[in-house]
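The values are calculated or read from the model by the stated rules, or taken from the named source; none is laboratory data. What you see is a predicted model; the values in this text were computed from it and never measured. Cβ atoms come from the backbone with ideal geometry, glycine included; neighbour counts cover every protein chain shown. For accessibility, only protein heavy atoms count, side chains too; no ligands or nucleic acids. Shrake-Rupley method; radii C 1.70, N 1.55, O 1.52, S 1.80 Å.
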Amino acid sequence: MTYDFARGIISPFLRFGSYARMRLFVPMVVYIPLSFSYAMVNLPFKITFDAKYTYAGGYFLFWVFVYLGMTAMGLATEAMITLLTPRFISYFLIALIVTNVSVVSVPIVLQPSFYRYGYGFPVFNLSEAVRTIIFNTKNRLGLNAGVLVAWVVLSMITVPLFTWLMRRKDEQAEKQKSEEKKVVV
């Protein structure tokens, strides 16, 4: 979202394949130092990453899950920016945050059955993985990583698809506009 202005300038000069790769891989590369910084913020608070693994192993695993969660949520937002434009993305973000956070605050088994959708959402799986790493709770890290990776893969499919649809729509509008100019002249 922050580089939307730059994308608008660069996109006419790139073929679709290059543009789609840029839309996918630039955020994924940016999330590496960002997630590492976020994970490092927890170090001064002496969080026990060694409850289940060694301290270094637990910290590295924590960073990997933070990266996966950030990528899952970030690419989903990136896909929706394409459809909604930056002007209306705040409405999607409110819905995304509410649906993700509402299943994390209280255990799902204590909530009404409506909230079972949380098992397939990124923030629930990220919080469950963090609880496993820090507090040595039931180990479902494989399932948690699988759900997060599934969100990343889904977003890696939808970002180019939505980009292609919107680019095609823009090209048709441009073509129609140029035809109308020819008729007027």
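Observations, loosely collected:
- Residue list for the stretch 113-138, restricted to those being in a helix (DSSP H, G or I) and in contact (Cβ under 8 Å) with a residue 60 or more places away in the chain: L126, A129, V130, T132, I133, I134, F135
- Within the stretch 146-166, the set of residues being open to solvent by 50 Å² or more (accessible area, probe 1.4 Å) and either touching a Cys at 6+ places or on another chain (Cβ under 9 Å) or not aromatic (F, W, Y) (or both) comprises V149, A150, V153, L154, M156, I157, L161, L165.
- Residue match in the stretch 93-103 (condition: open to solvent by less than 50 Å² (accessible area, probe 1.4 Å), in a helix (DSSP H, G or I) and in contact (Cβ under 8 Å) with a residue 60 or more places away in the chain): no
- Selected residue [over 30 Å from G8 (Cβ atoms) and touching a residue at least 60 places away in the same chain (Cβ under 8 Å)] from L110, L141: L141
- Enumeration of residues in the stretch 113-137 that are open to solvent by 20 Å² or more (accessible area, probe 1.4 Å) and more than 28 Å from A56 (Cα to Cα): S113, F114, Y115, R116, Y117, Y119, G120
- Residue tally, condition assigned to a loop (DSSP other than H, G, I, E, B) and open to solvent by 50 Å² or more (accessible area, probe 1.4 Å), over the stretch 15-45: 2
- Across the stretch 1-14, the qualifying residues are those that are of a type outside the set (F, W, Y) and in a helix (DSSP H, G or I), and the one among them that is nearest to S90 (Cα to Cα) is D4.
- Residue satisfying all of: in the stretch 126-157; touching a Leu at 6+ places or on another chain (Cβ under 8 Å) and of a type in the set (S, T, Y); nearest to M80 (Cα to Cα) among these: S155
- Being surrounded by 13 or more Cβ atoms within 10 Å (Cβ to Cβ), at negative phi and not aliphatic (A, V, I, L, M) is not true of Y55.
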